[in-house]
Amino acid sequence: MNSLNNIINSKLKINIEFFNDAHKKLLCNKKKYPSDVVERMKKLVSDGLVVDGHEFMEYYLFHNKRSGIEKDDFIEMIPSASNILRMHFEIKNNQLFKMKNVALSKEITEHIGESVGMLVIAHCFNILSADWNFIPESNKVKTLDCNLAVSNNGLIELEAKGTSAVVINLSSPSSSITDKKKGKKSTKGNYFYGTITTIDTSNLTCYLLDPPGSDVEFDYVRLRFLNRLSYYYEILRVIAPTSELIEILMERIELVRDEFYDIKSLWPLKPKNRANFNYSTDSQPTFFFQSYYNNNDKVKFGGRFFYLQKGVSLFIGVDKALLNTIVEQSIDDLLTFSDELSYVEVNELVDRKAIQTTNRNHQDLNIEDKNFTNSERLKMSGRVYIKNGLALGVLNYS
């Protein structure tokens, strides 16, 4: 069975520890860190962090320096990301661990370390995946690093490491974090964290470190709003790259980038050749005309199916409520948008237009199963999970 399917249907527990007593003292200093963040961190160290498989998948698939959702080759790399988990990891009793007592490649350990580190710090600050930096490259403004997040308390910078050595030694990754900090005059964030995730044959453990931060001032509301718009832009252009909304949303992102523009005067996004988008009506949103749409009573959502391996596909989508919130451009509504995990059972024929068979350059993907690439319709069956507006699922096809 595909490991992504095991993960998305499970809860995952991550053990959390302070790196040592010195770092514990620094991280628990309420004069330096917000008291609510300190209390959440102490509880996570005491109890561990339990996350939905949906949440782990979101960070694992979308937040990766080499093949994240903003990269040109994201679509081609989906099967590879899935195969890494299938070939090297197992999940049992809510614990994700490596199958064999051997060191994994640096690429794999960095990927897992990055995902887990971001997850842990996100739960300390009570922020979403969409709050981590996803500002697309621009010639107008220097792009921030991808390990920055914006919270209500300020800007967070994270240096996340991972190790899967047979004999775990934390001195090397911890020195790397410390040395990297020594080479900077100041960090970009108000709060600078280090995490080291150890990957062994029984569990994942995330160690917390406290490199010093800085007092740099930012327009946090603008940055957080820009982060979320940019993150959702990347997801939407994977789901419906030819939709008119994609270009219109990017134009709005460029406008919000301008530090001299008053974001309080934003207006709803509008199509160029008609009065309004129909996302707030009972009709199927035009955004999903070239993809899959599920008009379920509980939650209405749409998206696309991507190849994982023979007989198995990955669904990526968004719910209609999030789509409408993006279009309405209310800063408060977008920054407070969240919902609990729910799921919808899918068991139906899906048109070819909703099945991804090409890359972003419209070239055919190298997919061995011609049934996936050549069928006019495919029967999709499985469960789609929806949380915070993002729909993810691992479905069988035939």
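The values are calculated or read from the model by the stated rules, or taken from the named source; none is laboratory data. Bear in mind that the values here come from a model prediction, so they are computed numbers and not experimental data. Quick reminder, even Gly has a Cβ in these numbers, built from the backbone with ideal geometry, and neighbours come from all protein chains shown. The area values use the complete protein model at the heavy-atom level, side chains included, leaving out ligands, DNA and RNA. Shrake-Rupley method; radii C 1.70, N 1.55, O 1.52, S 1.80 Å.
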inquiry  = One residue is enough: does region 272-292 have a residue meeting the conditions modelled with pLDDT of 95 or more and out of contact with any Lys or Arg (no Cβ under 7 Å at 6 or more places or on another chain)?
reply    = no
message = Against the definition (surrounded by 21 or more Cβ atoms within 10 Å (Cβ to Cβ) and without any contact (Cβ under 8 Å) to a residue 60 or more places away in the chain), how does Phe260 come out, yes or no?
response = no
inquiry  = Give me the residue from region 48-82 that is closer than 30 Å to Glu17 by Cβ and aromatic (Phe, Trp, Tyr) and, out of that set, surrounded by the fewest Cβ atoms within 10 Å (Cβ to Cβ).
reply    = Tyr59
query = Among the residues of region 328-349, is there at least one that is among the aliphatic types (A, V, I, L, M), in contact with a Leu (Cβ under 8 Å, 6 or more places away or on another chain), touching a residue at least 40 places away in the same chain (Cβ under 8 Å) and not in a strand (DSSP E or B)?
reply = yes
query = Among (1) assigned to a strand (DSSP E or B); (2) among the hydroxyl-bearing types (Ser, Thr, Tyr); (3) closer than 30 Å to Ile84 by Cβ, where does Tyr233 come up short?
reply = (1)
key: Residues within region 241-257 that are open to solvent by 20 Å² or more (accessible area, probe 1.4 Å) and free of Cβ contacts under 8 Å to residues at least 60 places away in the same chain, tallied   = 6
query = List pairs: first in region 33-58 and touching a residue at least 60 places away in the same chain (Cβ under 8 Å), second of a type in the set (Asp, Glu), Cβ under 9 Å, 6+ apart or cross-chain?
reply = Tyr33/Asp210; Val45/Glu17
